[in-house]
1. Listed residues Lys350, Lys380, Lys416; which is outside the structural domain of Ser482 (by TED's automatic domain parsing) and either surrounded by fewer than 21 Cβ atoms within 10 Å (Cβ to Cβ) or in contact (Cβ under 8 Å) with a residue 40 or more places away in the chain (or both)?
2. One residue is enough: does the stretch 628-641 have a residue meeting the conditions surrounded by 14 or more Cβ atoms within 10 Å (Cβ to Cβ) and closer than 30 Å to Arg407 by Cα?
3. Being over 18 Å from Ile357 (Cβ atoms), free of Cβ contacts under 8 Å to residues at least 40 places away in the same chain and not in a loop (DSSP other than H, G, I, E, B) is the requirement here; does Asn528 meet it?
4. For the stretch 180-190, enumerate the residues that are surrounded by 19 or more Cβ atoms within 10 Å (Cβ to Cβ) and assigned to a helix (DSSP H, G or I).
5. Go through (1) modelled with pLDDT of 95 or more; (2) polar (S, T, N, Q); (3) farther than 24 Å from His315 by Cβ for Ser222 and report which single condition fails.
6. Looking at the structure I just gave you, is Tyr233 in contact (Cβ under 8 Å) with a residue 24 or more places away in the chain, touching a Leu at 6+ places or on another chain (Cβ under 8 Å) and part of a loop (DSSP other than H, G, I, E, B)?
7. State all residues of the stretch 161-199 that are touching a strand residue (DSSP E or B) at 6+ places or on another chain (Cβ under 8 Å) and of a type outside the set (A, V, I, L, M); if no residue qualifies, say none.
8. Name the residues in the stretch 203-227 that are farther than 25 Å from Arg630 by Cα and surrounded by fewer than 18 Cβ atoms within 10 Å (Cβ to Cβ), would you?
Amino acid sequence: MKDRIYGLLVNRVPGIRERYLNKRNQNHGMNRYKALFYLLWLNIQYYLLFQRNIGQSQRCPFYEEKILYNKDSESSLSKLDNPEVFAQKLMKYDVISFDVFDTLILRSISNPTDVFFFVGMKLQYPDFKRIRIEAEQKARQIKYNKKGTWEISLEEIWDVIENETGISKQTGIKTELEYEKIFCKANPYMLKVIKELQKANKKIIITSDMYLGKDFIKELLSQCGYDTFYKYYVSCDYNKSKHDGSLYEIIKQEIGGQLTYVHIGDHEFSDKEQALMHNIKAYLYNNVNHIGNKYRTEDMSAITGSIYRAIINNHIHNGLSNFSREYEYGFIYGGLFVTGYCRFIHDYIKSHNTDKILFLSRDGAVLVKAYNLMYPEENKNTEYVYWSRLAAIKLSAQYYKNDYFRRFLYHKVNQKYTIRQIMQSMELTSMLESLCSAIKIHPEMELTYKNVEKIKKYLIDSWQQVLKCYEEQINAGKQYYSVILNGCKSVAAVDIGWAGSGAVMLNYIVNNIWNISCTITGIIAGTNTCLSLETDAMEQFLLNGQLVSYMYSQYKNRDLWKLHDPAKNHNLYWELLLGDSNGSLKGFYFDHDGNYELKFKEDNANKESIYEIHRGILDFVQQFLQLEKRIDHIIPISGRDAYAPMINIENKKNKKFMKDLEGLMDEIHIG
């Protein structure tokens, strides 16, 4: 009967089972009645309140629907007093106690047990994470049965593992401690607090519920930049814990019951409630992952996702800074994408022996900076070059005539553009008067479906005159690119996407108009999707390899190919991450001395905001590289993982989140 009830309440729904077991694992020794209440509440939410997302496994979710914080920057939720101010509040106590993990030290993974992935990798042992978690549970149960305490040491955990696997205890412990050191770093907020307290010679102690003993905790804190503390109280050394309050009593007995105490930690029950129950003042420090994971995507590969969430949560929620919305947009939603995209570009270049990488303006502005951060040895083979859809359409008009009319005319029909504005955008003002006279239309009339065909016919009939207007730009463009492509036989042109026409047109112009023999391959972040107006426009180029896509195409990650919707501004959300504040290129021209000059549209008025987005992206890139250096391993970032954080941004439920940022986005149309 008991098994049947357990099956109905726990095993029947994957999401309920996962949440319940995670709760029990995170709160070992959790009161059975509290556990039962939590389990019943999960079932009530799922069956009676129809919250079907509760039934969805957090490891294998459908598209997530997390509601993002939109009232202010996310970091504002965690901003604390300046460290100096907080330290001053603590000065009045005789003894100041600090928890270690998630307080003084932050891990570079969002779940502590994820470190076991790396331990298992080093030990070359499949499913090691599960084995290690279960071994700890068994060791605690054994200890409780023998001595009535749940507190255990790392040695006792490895006694169980050694008994049940072929891994030696000595090797296992050494490997686990190695990776604990690798993934731990100082909390920058608390490091400043400690420095202030130590300047005042305050008596600071360490109080931790942990299976790692005093000696290792001391070594770990020292490695993270902390000086030696007055005393170290670790539960496994005393078989006493904060969780049941007994460790607090040991502290007061040893140091002195007449003194005043304060404790700082991240656990609501162990670090706050139990401290207060033992007459110790308590300050609760918000666990960065508990507060941040509410907004973090779970729909990612296990290891990359854990590292991504930790980098975000550690940086955004440590309490030290209140970042701008723009900075967070870059750091949280653009950083992983840019890091992964640059690595994809690098891998392509190396495998195809490409001579040079051209980062096309304006989306390439932050990409080239990130790439040079990641691969400084390749700086001489990377270049930020000026190119735009507007310039490409004019320079390639003689061949891509259909695209010329489609983008200059048909995309602007019934968009309240006058005939004069259309001809100005095409730089055919010299033909305006004759056009209007020939088809009997006024220059200030709007372009509509009624007159677009007449305009197109006139331009086709006068096609040589049209092309004559672009001769200077063609020759000036050749002068510019001849220098850039000098000595190159094969280059890659990098852009955000989506059709990839920028690189395709550049390849045609270079080889067939300018007669510079150089193959240009387009690398794009994403292609047109099934929701684009021209879904299949570039499939032939993806087929023959002239275009390659990082995140999705018809050939890979088709769920993203079906999800991404330009009509819902998805293209613009991505372009906002990369777009430069400088105006887009209008075209190539000659100055009075016969040298090429570039002319641009007006700069984006929000230069500071764009700078903040890019600063956030580059900060993430640097932190990701620092972590990879520490673990001495490249962390893969698949196109699917790179896209994942943006899925919540694109959800209609988060429309308010993008409201303040939409003013930074460029206009959709060219011209």
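1. Every option except Lys416 fails the conditions.
2. Checking the stretch 628-641: at least one residue is surrounded by 14 or more Cβ atoms within 10 Å (Cβ to Cβ) and closer than 30 Å to Arg407 by Cα.
3. no
4. Answer for the stretch 180-190, where residues must be surrounded by 19 or more Cβ atoms within 10 Å (Cβ to Cβ) and assigned to a helix (DSSP H, G or I): Glu180, Phe183, Tyr189, Met190.
5. All conditions are met except number (3).
6. Criteria not met by Tyr233.
7. Phe183, Cys184, Lys185, Asn187, Gln198, listed by residue number.
8. Within the stretch 203-227, just Lys203 meets the criteria.
The values are calculated or read from the model by the stated rules, or taken from the named source; none is laboratory data. These numbers were taken from a predicted model, which means no experiment stands behind them. Glycine also receives a Cβ, built like all others from the backbone with ideal geometry; neighbour counts cover every protein chain displayed.
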